[in-house]
1. Could you work out [θ]222 nm for the chain from helices alone, using -39500 (n - 2.57) per DSSP H run of at least four and dividing by all its residues? Round to the nearest 500 deg cm²/dmol.
2. Taking the highest mean first, how do the peptides 115-128, 299-312 order by number of other beta carbon atoms within 10 angstrom per residue?
3. Test of understanding: ordering M213, M264 by Cβ neighbours within 10 Å, fewest first, what list do you get?
4. Of the beta bridges DSSP finds with both residues in the chain, what % are antiparallel, to the nearest 5?
5. May I ask what percent, to the nearest 5, of DSSP beta bridges between residues of the range 215-354 are antiparallel?
6. Which of the GluC sites (Glu not before Pro) found in the range 203-239 are in a DSSP loop and have at most 16 neighbouring Cβ atoms, other than their own, within 10 Å?
7. Remind me, relative contact order of the chain in percent, using alpha carbon pairs under 8 angstrom and six or more residues apart?
8. Based on the alpha-carbon gyration tensor of the range 280-323 and its eigenvalue square roots a ≥ b ≥ c, which shape applies: rounded if a/c is under 1.5, prolate if not and a/b is larger than b/c, or oblate?
Amino acid sequence: MIRLYDTMTREKREFVPADPERITMYVCGPTVYGRAHIGNARPAVVFDTLARLIRHEFGASSLIYARNITDVEDKILASAEKEGVDPSVITERYERFYVEDMGALGVQPPDLAPHATQEIAEMIAMIERLIELGNAYEAEGHVLFSVPSDPDYGSLSKRDREAMVAGARVEVAPYKRDPADFVLWKPSAEGVVGWDSPWGRGRPGWHIECSAMIRAHLGETIDIHGGGIDLIFPHHENEIAQSRCAHGGLPLARFWVHNGFVDMGSEKMSKSLGNIVTVEDLLKKESRPEIFRFALLSAHYRQPLSWTDSLVAQSKATLNGLYRKIGDVESGEPDELVLDALRDDLNTPLAIARLAKVNDPGTLKASAGLLGLLSDTESSWFGRTLSVGLAAEVDVAVKLEAKVIRGETYIRQKIVERTQAKKNRDFATADRIRDELKAEGIQLLDRADGTTDWERL
Ligand SMILES: [Zn+2]
């Protein structure tokens, strides 16, 4: 039994999916106009771990996990204008980087990665429905959601009306009937990306994108909706209002799951403070991105996580210890205590503490695998094809050779070959094997009685 903390009800509840053979999970994905920082990586890793747990508990094909790509947004348009290129140049570039960076952190591609620009018809249909029902109105080429038309608005964030109006960071817009109303559709000026609609040429607001894509790919009510805690208001509140009103009051999600912030020790990580740590920066310094995954999972997902050098160093030391323990073994069955920790609202710090007490190498390997750790990752994300739903498939077989992480089996094989070469007094071959491994970040530890151990540099 999995228990999850639901932000809507503010309690930990047993997770009972509507259909255990078709569990649906949607996580708000990236707006692709810049490199992902470690705070952006946290939800990707957290929900990847939750997906692994659900698949373990309910079966490998039980889950449909969708994570969208926001590829139309004003920040994208601003970047494209600055570089003097088409917006698609920006979005394709940064989507590719995102997939690479998350892949390096052991994040498996979601089952569906719908792109906003390919789902405009769905969004227009939903906006038309909201206008028909009296929940939205057209004004000066814009379509706005009427917040006063939804008496349940605010149920997720539990904010009162004044706090919502203040928090919505509303621009003074004469066409709004109520200051809390938010944009579903806005006009596009000449030369700006746009689509024909019943309200003229324009583009969608951000919130409608998720509501329309969830409906199109997963249904009116899904099992789990996830994202960072900063999305609770206004983004998720607005998604809920749009979907619930369009679907006759049906709830959008049965569980709302939110992860906490990543901060930089004493200060919050933010672009304005200039202390953003991108995944790219981290990968330049460390050939083993698994360490960063471990570090991200070392705190409970709902707690804030302080990203410090000592956290990274500690994660590396713990991982090395675990690697020494597993040796060259086949994966067995996961440890029940590790599983129980994960089943209890994805308690990864407790699961990691319990990993340290698992002595059987096969059990340890299987248990760590639930966290996406200690697995032979060399083939798991290299050259995968990502399904993008309705559209054609995007080939993400990017040049990742430099980042290939050799698995335990490969390294053990090389140690055997090198020992044999030494026995044959073929020291040139023995040295070559050592140097090749070193170039891949693997240090063999020679002892008087031979090489039995190694560590990742
Ligand atoms: Zn969303």
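All of the numbers you see were taken from the coordinates with simple rules; none came from a lab. No experiment lies behind these values; they were computed from the predicted model shown. Note: ideal-geometry Cβ built from the backbone for every residue, glycine included; neighbour counts use all protein chains shown.
1. -12000 deg cm²/dmol
2. Values: 115-128: 20.4, 299-312: 16.1.
Ranking, from highest mean packing down: 115-128, 299-312.
3. Details: M213 26, M264 17.
Sorted ascending by nearby Cβ count, the order is M264, M213.
4. 55
5. Roughly 20 percent of the beta bridges in the range 215-354 run antiparallel, per DSSP.
6. In loop regions of the range 203-239 (DSSP not H, G, I, E or B), the sparsely surrounded GluC sites (Glu not before Pro) are E220.
7. Working: 739 pairs, mean separation 76.4, N = 457.
Relative CO of the chain lands at 17 percent.
8. oblate
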